[in-house]
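Working notes, beginning with the structure itself.
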Amino acid sequence: MNDCVFCRIAAGEIPARLAARAEGALAFHDLNPRAPVHVLVIPTAHLGDAGAVGGDAHSVWPAVMELAVEVARREGIADAGYRLVINSGSDGGQSVAHLHVHVLGGRRMTWPPG
Ligand code: AMP
């Protein structure tokens with residue numbers, strides 16, 4: 001997936017501000033943060049969206065979600081609270097076709113989303 005920007009970040013081919021890494025998952029700061037803390041957590045192997053997880057990729061959810069929770073701790077937002085968001089597919093507002101979890105915090109979140 002040479003044309004996938006998040007695969008290229010995982011491969012170290014394009015720069016990103018790394019937040020954490022774990023077996024099978026990587027966390028880096030969003031280029032266009034929507035909150036004081038805005039980190040993206042990706043599986044290092046390419047999966048297009050949430051629907052691609054399953055079968056051989058069944059270990060992706062624990063790797064990605066555990067790193068997301070760890071990022072919240074490291075970024076100091078775990079006690080105040082935070083939001084984990086997965087935009088999946090076009091109606092879900094996904095703009096980068098590599099599964100990612102947004103870790104958002106550092107301010108009070110609104111609900112419902114727009
Ligand atoms: P989504 O709209 O859910 O697909 O989220 C994609 C996110 O990726 C957006 O918040 C973008 O700001 C972010 N993004 C796109 N390219 C990069 C990049 N090279 N480094 C960090 N974040 C990026």
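None of the figures in this text is laboratory data; all of them are computed from the coordinates on show. The structure presented is a predicted model; accordingly, all values stated were derived computationally and were not measured. Glycine gets a Cβ as well: all are built from the backbone with ideal geometry, and neighbour counts include every protein chain shown.
Please compute the contact order of the chain in relative form: average sequence separation of alpha-carbon pairs under 8 Å and at least six residues apart, divided by the residue count, as a percent.
30 percent
Multiply the residue separation of Asp3 and Asn32 by 0.36 nm, subtract the distance between their alpha-carbon atoms, and state the gained length in nm to one decimal.
Additional length available on full extension: 8.4 nm.
Using alpha-carbon positions, what is the distance between the centroids of the range 1-69 and the range 88-113, in Å?
Result: 13 Å between the Cα centres.
By how many nm would the segment from Val69 to Ala22 lengthen if fully extended, with 0.36 nm per residue of separation less the alpha-carbon distance?
Using 0.36 nm per residue and subtracting the Cα-Cα distance, I get 15.7 nm.
So how far apart, in nm, are the two label points at Asp79 and Thr110 if each is 7 Å from Cα heading toward Cβ?
Those two pseudo-labels are separated by 2.9 nm.
Want the number for Ile86 to Ile14: 0.36 nm per residue separation, take away the alpha-carbon distance, what's left?
Between Ile86 and Ile14, full extension yields an extra 23.6 nm.
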